[in-house]
Amino acid sequence: MTTLPAKPARASHTVTTQLVFPEHANALGKAFGGQVMAWADMCGGICSMRHSGGPTVTAAIDDLVFERPINIGDTVVIEARVNAAFRSSMEVEVEVWGEAPATGQRWRCVQSRFTFVGIDGEGKLRDIPGLLVESDDDQLRVAEASARRAERLARRKR
């Protein structure tokens, strides 16, 4: 673990908003999955940089599940929070919501988890702050993220 002071998840919580234009959509008028992934990666990256206090890069994407489409003209709301922080890496959960501008109705489009790592100016790993656990929900998220991290590391060893 790191010796840097821990930070709460709320300190890096990030919300971004986009509008789906025709250039973001397929022939059926639905947002491209790759575009939604790029927006999710950007929001998660901002969240990870806020938490780590410096540059980060995407190391892995887990559990990217598309639940419902988003149409041209819909608003996209992307929300990211740190689930757990380790020595140089962190798990960031990113949820993407579609929103109908006329009614304000929201639906979840994507739920995903990204792993980001802190890097220095030379591209080498750097220590990042730990996560300050403030609630039972935080504790559960840390435990689940730690289990997923152990699985990822075990897969890498095989």
- Item | Flag for G104 being closer than 27 Å to Q18 by Cβ, free of Cβ contacts under 8 Å to residues at least 24 places away in the same chain and not basic (K, R) | yes
- Could we say that V133 is surrounded by fewer than 19 Cβ atoms within 10 Å (Cβ to Cβ) and modelled with pLDDT of 95 or more here? yes
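Check every one of the strands (runs of 3 or more DSSP E) wholly within region 1-92 and list those with 3 or more residues that are buried (at least 20 other Cβ atoms within 10 Å of the Cβ). Give the steps one after another, and end with the answer.
On the way: elements: 14-19, 56-66, 75-85.
Qualifying strands (runs of 3 or more DSSP E): 75-85.
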- Item | Output for region 107-143, where each listed residue is farther than 27 Å from F32 by Cβ, hydroxyl-bearing (S, T, Y) and touching a residue at least 60 places away in the same chain (Cβ under 8 Å) | none
- Residue hits (region 71-99; in contact (Cβ under 8 Å) with a residue 60 or more places away in the chain and of a type in the set (D, E, K, R)) are E79, R81, R87
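To keep it simple, each residue is scored yes or no on (1) at pLDDT 95 or above; (2) aliphatic (A, V, I, L, M); (3) touching a Gly at 6+ places or on another chain (Cβ under 8 Å).
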site	(1), (2), (3)
D63	no, no, no
P69	yes, no, yes
T75	yes, no, yes
E79	yes, no, no
N83	yes, no, no
R87	yes, no, no
V94	yes, yes, yes
G98	yes, no, no
T103	yes, no, no
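The values are calculated or read from the model by the stated rules, or taken from the named source; none is laboratory data. On a predicted model such as this, the values are computed, not experimentally measured, just so you know. Reconstructed Cβ throughout: ideal geometry from the backbone, glycine too, with neighbour counts over all protein chains shown.
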